[in-house]
Structures are given as structure tokens and as C-alpha cells.
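Asker: So that we are looking at the same thing, I have put the structure below in C-alpha cells.
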Amino acid sequence: MSIKVDFFKVEVVPHDPNWRSAFESESKLIALALRDNVVAIHHIGSTAIPQIHAKPIIDMLVEVKDIIKVDTQSSEIEALGYQAMGEFGISGRRYFRKGNEAGIRTHQIHGFEVNSAQIDRHLAFRDYMISHPEDAQQYSELKRKLAQKYPDNIQGYMDGKDGFIKAMDLKAANTNFL
């Protein structure tokens with residue numbers, strides 16, 4: 001009996017200005033799929049921060065009126081090529097991921113119900129990094145070094161960013177980005 005392991009190569013690339021239009025196109029499809037349950041769709045993650053290196057995966061934060069209703073709407077999201085992953089480690093979240101024909105991940109949806117603290121945290125981090133390019137460049141350099149150190153270890157890469165992200169979350173909270 002063989003077990004399929006979901007291999008994830010860690011690769012960060014220079015900022016691509018096309019990421020914004022990729023987000024806009026995909027967010028329209030998601031809005032149609034989730035219909036009146038959608039409150040807002042935000043571009044988050046490193047692809048939303050100009051001039052920094054990022055894994056070329058479009059992260060979208062979808063604010064919804066009713067997170068339980070998303071469970072009944074999963075088939076509409078799956079019809080767009082996404083795989084439903086449930087909460088996937090974050091209570092109250094609905095996570096979906098999508099890959100291209102080669103099996104390389106291209107998009108991620110992080111769905112949260114309106115007023116979730118996770119929404120504020122993600123948006124504050126993004127907005128803080130955009131308005132503080134020095135910190136954004138430090139983050140970019142850290143991501144590049146970690147991708148070189150852990151090219152085949154997504155967990156090592158993520159663990160290496162954890163302390164920096166927490167420090168930036170605190171800075172964002174202390175500068176009224178929350």
C-alpha cells in the first residue's frame with residue numbers, strides 16, 4: 001500500500017505586477033460562486049505586497065456572512081478547480097486551494113465570517129507591510145533565504161517566518177492597522 005505525499009517545492013520569485021489582475025479575475029469567479037454570502041474579497045499574502053519576493057500563489061481572504069453556508073457552497077468553489085480543505089488548522093476558517101495543470105498551487109482561499117479577528121490580522125499585516133517598505137524588504141530577504149535553506153521543506157520555511165510575522169503583527173497592532 002502506498003501513501004501519496006503532497007510534495008510542495010518552496011520557491012519565491014520577484015514580485016509580478018500581474019498578480020493583481022490574477023487576483024481580480026479570480027475574485028470575480030469566487031464572488032459569483034458564493035453569491036450573496038460574500039461581503040468582501042481581499043488580496044492578502046506576499047503577492048499583495050508590491051516589490052517583495054513571494055511564493056507565486058494568490059492568497060484571497062473571503063469575508064462571508066455565514067461560514068457554515070460556505071460548507072454548502074463548496075461544490076461551487078470546487079467547480080472552479082479548488083480543493084476544499086475545511087478549517088485546515090485555523091478554527092473558523094474555510095480553506096480552499098487550487099493548482100494548475102502541472103499540479104503547482106496557484107491560488108488559496110481563506111474564508112472567514114465577518115468580524116473574525118483573523119480578518120483584521122491578515123489585513124493589518126498586509127497594510128502595515130505596504131506602508132513600511134523597509135520591513136517589507138526585510139521580510140522579502142528572509143523569505144528568499146528560507147526558500148534557499150528549505151527548498152523541499154514547506155514546514156521549515158513556514159516555521160522560519162513565524163517569529164518575523166508575529167513581530168510584524170505586533171507592530172501593525174501598535175500602529176493602528178488593526
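Asker: Please count how many residues of segment 57-80 are among the small types (Gly, Ala, Ser) and surrounded by 15 or more Cβ atoms within 10 Å (Cβ to Cβ). Can you show your working first?
Answerer: Going residue by residue through segment 57-80, those that are among the small types (Gly, Ala, Ser) are 74-75, 79.
If we keep only those that are surrounded by 15 or more Cβ atoms within 10 Å (Cβ to Cβ) too, we end up with 74.
Number satisfying all stated conditions: 1.
Asker: I need every pair where a residue in segment 98-117 that is free of Cβ contacts under 8 Å to residues at least 60 places away in the same chain has its Cβ under 9 Å from the Cβ of a residue that is hydroxyl-bearing (Ser, Thr, Tyr) and assigned to a strand (DSSP E or B), sequence separation at least 6 or different chains.
Answerer: From residues that are free of Cβ contacts under 8 Å to residues at least 60 places away in the same chain, the pairs are LYS98/TYR82; LYS98/THR106; GLY99/THR106; ASN100/THR106; GLY111/TYR95.
Asker: Could you list all residues from segment 88-124 that are among the aromatic types (Phe, Trp, Tyr) and either modelled with pLDDT under 95 or touching a helix residue (DSSP H, G or I) at 6+ places or on another chain (Cβ under 7 Å) (or both)? Lay out the reasoning, then the answer.
Answerer: Within segment 88-124, the subset among the aromatic types (Phe, Trp, Tyr) is 88, 95-96, 112.
Selection gives PHE96, PHE112.
Asker: Let me ask something else. Consider ALA40 carefully, then state whether it is over 18 Å from GLN83 (Cα atoms), of a type in the set (A, V, I, L, M, F, W, C), modelled with pLDDT of 95 or more and surrounded by 14 or more Cβ atoms within 10 Å (Cβ to Cβ). Don't jump to the end; show me each part of the working.
Answerer: Numbers: over 18 Å from GLN83 (Cα atoms): yes; of a type in the set (A, V, I, L, M, F, W, C): yes; modelled with pLDDT of 95 or more: yes; surrounded by 14 or more Cβ atoms within 10 Å (Cβ to Cβ): no.
For ALA40, the condition - over 18 Å from GLN83 (Cα atoms), of a type in the set (A, V, I, L, M, F, W, C), modelled with pLDDT of 95 or more and surrounded by 14 or more Cβ atoms within 10 Å (Cβ to Cβ) - is not met.
Asker: In segment 13-32, which residues are surrounded by 19 or more Cβ atoms within 10 Å (Cβ to Cβ) and either in contact with a Gly (Cβ under 6 Å, 6 or more places away or on another chain) or touching a residue at least 40 places away in the same chain (Cβ under 8 Å) (or both)?
Answerer: The answer is GLU26, ILE30.
The values are calculated or read from the model by the stated rules, or taken from the named source; none is laboratory data. Owing to the predicted nature of the structure, the values given are computational and were not obtained by experimental measurement. We place every Cβ from the backbone using ideal geometry, glycine too, and count neighbours over all the protein chains shown.
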